[in-house]
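Here's the structure, in structure tokens; my notes come after.
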Amino acid sequence: QSVGVDVARGGGDKTVAIGLHNTEVRVEYQKKGTNHVTQRKALEGKLNEWASPTVHVDAVGEGSGLADELKAKYQNINRFSNGAKAKDKANYRYKWDEGLALIGEWLRDNGSFSNETLYTQLATAARVVQFEEKSLSSRGGKVIEATKKSEIKDELGTSPDYLDALLMAVYADRSKQQGHNVPLSW
């Protein structure tokens, strides 16, 4: 019902697409490198297999071009940025913060997966991520902020591409619901 696509920026990064099938997530695509033309064609092949899931594509830096190309062809493509304001602005500062909370909800609701790299990245995030209330005068009160992604990257020694793709897939599916339960930890 939803797909998240994290786009490689270089180095050891991978372009990763994760699909949410009821409560199970599957790694639908994973490719190292930045040949976004080849990656776009492969992703289009995958997207053509499904009815029309909601798709969030990393639209920061290198991902912007790929997101635009997919959006030109499919109407259900949404540009995504972890640093954009959360949909639930009353409770979360950024989509990153809200997305991590949504992953926690998804896991508590029997979310399942079988990919070892995703497991490693989720386990690392569970050790590293903390949620804090911060005063934000522009929103008129307190909001939740989570540990920054850079700290997870430092702990892993690589970009958390699978975690990012999962966050976008779960966010596409669950952010429609307001009033998430804020987890203190996973």
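Among the candidates ASN35, ASN115, the residue that is farther than 13 Å from ALA169 by Cα and over 17 Å from the mean Cα position of the chain (by Cα) is uniquely ASN35.
The single residue among GLN130, GLN121 that is open to solvent by 70 Å² or more (accessible area, probe 1.4 Å) and either at pLDDT 95 or above or among the acidic types (Asp, Glu) (or both) turns out to be GLN130. Among the residues of segment 34-60, those that are over 19 Å from LEU166 (Cα atoms), out of contact with any Gly (no Cβ under 6 Å at 6 or more places or on another chain) and in a loop (DSSP other than H, G, I, E, B) comprise ASN35, ASN48, GLU49, ALA51.
Has segment 86-96 got at least one residue that is at pLDDT 95 or above and in a helix (DSSP H, G or I)? Taking every residue of segment 86-96 in turn, at least one turns out to be at pLDDT 95 or above and in a helix (DSSP H, G or I). Considering segment 133-174 alone, what residues qualify as being in a strand (DSSP E or B) and surrounded by 16 or more Cβ atoms within 10 Å (Cβ to Cβ)? Selection gives VAL143, ILE144, GLU145, ALA146. Scanning segment 95-112 for residues that are of a type outside the set (Phe, Trp, Tyr) and open to solvent by 10 Å² or more (accessible area, probe 1.4 Å) yields LYS95, GLU105, LEU107, ARG108, ASP109, ASN110, GLY111, SER112. Just one of (1) within 30 Å of GLY140 (Cβ to Cβ); (2) open to solvent by 60 Å² or more (accessible area, probe 1.4 Å); (3) touching a helix residue (DSSP H, G or I) at 6+ places or on another chain (Cβ under 9 Å) fails for GLU62. It is (1).
The values are calculated or read from the model by the stated rules, or taken from the named source; none is laboratory data. Being a predicted model, the structure only gives us computed values, none of them experimental. Using ideal geometry, Cβ is built from the backbone for each residue, glycine included, and neighbour counts are taken over all protein chains shown. With ligands, DNA and RNA removed, areas are computed over all heavy atoms of the protein, side chains included. Shrake-Rupley method; radii C 1.70, N 1.55, O 1.52, S 1.80 Å.
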